[in-house]
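Enquirer: The structure that follows is given in the form of structure tokens.
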Amino acid sequence: MTLRLLAIGGQIMIIAVLIAGKIRTNLKIAAIGLLISSMAYIINSSGFSPNEGVLEIVVDFISVSTTIWAWVFGHQLFERPINKKILIGASLILFLLWGITNLSIVDRWLTFDAIRIVSLALIVHLLIVAIGGRADDLVEKRRLISTFLPFLIGLQVGGVLIVELLFGGHSVPLAASVVNAAFIFLLVLCAGSALLIVEPEVLVERGYSPASKYASANLSPSETVLHDKLIAAMEDGQYRIPSLTIATLASQLDTQEHRLRALINKQLGHRNFSSFLNGYRISEAKAKLADRALVDLPILTIAMDLGYGSLAPFNRAFRAETGLTPSDFRKAAIDQN
């Protein structure tokens, strides 16, 4: 109980820091949601939670959303696009199961176990997103976070869910409960420390535009040479290569990958390699879509020629850059011309 109270106190302090800090709005909302829901889980699983009335229902309802907030927080932290179908679908399933649980109209398998299984699936998906997006990430401190944080969260949340599936929500062994509380407290300490020492580029909104033209200002001589080689390769059309990775590009430029990451991130202002590529790809796409001579060229062909594996990622990148779909942009550009 002492560990749980200390963890709640630490989470309240972190929420205060988040509210006062200049942190990206979406990340701040996700982090606060995760902290509040995890506090509700700590209270709900402590044995000292309210056992009747509206307060019990509210605490239980909020605690069920913990894995949803963890999933959203992970996507916001690593700046990965959120699959709305997964988010809405998982949320509806979890809260529908929660409602059925409170009505007590079915047995344990369709309620308690099903909630844990869906939650566990979300955590597994979060691990896949964090690990899979690491190669595209240009922020070194965040790449380090993506190495250990998902595993800590997965170990703690996944461990809790597995134990509860094995023993049931109200018969968890005392030793497992103590380990769980200690792990929660450790995570809070790590999160609080990381928040105090982490580089602002991980948390703070940056004012760059992915499609901006790049200038070789404030570069060292070696960075100037690498910058010129990079720009020459991009103008030569290297960005059109399908599935181009920063490792492949670094090899083509005969440089170390970490040097290329640092140049694109710290000097050119991009947090993800895909953002850097999209700056060139979308610029060319806009030119082709506005060209009357290419008005009958299928949008899928344009996307594939620019290196996209399918139409969906091209549409997402184009809308993020212009606020329009490729079809709407073409119509507006052709009408204007």
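FYI, it's all coordinate maths here, none of it is from the lab. Owing to the predicted nature of the structure, the values given are computational and were not obtained by experimental measurement. Positions of Cβ are backbone-derived with ideal geometry, glycine not excepted, and every protein chain shown enters the neighbour counts.
Enquirer: On average, how much area does the Cα convex hull of the stretch 1-100 cover when viewed from any direction, in nm²? Walk me through the numbers before you get to the answer.
Expert: Values: hull surface 28.6 nm².
So the mean shadow area of the Cα hull is 7.1 nm².
Enquirer: Could you list, in their original order, any pairs among Lys229/Lys266; Lys84/Lys288; Lys22/Lys141; Lys229/Lys286 whose Cα atoms are separated by more than 28 Å? Mind showing how you got there, number by number?
Expert: Values: Lys229/Lys266 17 Å; Lys84/Lys288 30 Å; Lys22/Lys141 18 Å; Lys229/Lys286 25 Å.
Distance filter (> 28 Å) returns Lys84/Lys288.
Enquirer: Sequence-distant or interchain residues sharing an amide H contact under 5 Å with Asn272, placed H: which?
Expert: Excluding prolines and chain starts, which carry no amide H, the hits are Leu138.
Enquirer: Further question on the same structure: Taking the Cα-to-Cβ direction at Leu55 and at Ile131 and moving 7 Å from each Cα, how far apart do the two end points lie in nm?
Expert: 4.3
Enquirer: When the chain is fully extended, how far beyond the present Cα-Cα distance does Asn83 get from Ala121, taking 0.36 nm per residue of separation?
Expert: Working: separation 38, 0.36 × 38 = 13.68 nm, distance 1.44 nm.
So the extension gain works out to 12.2 nm.
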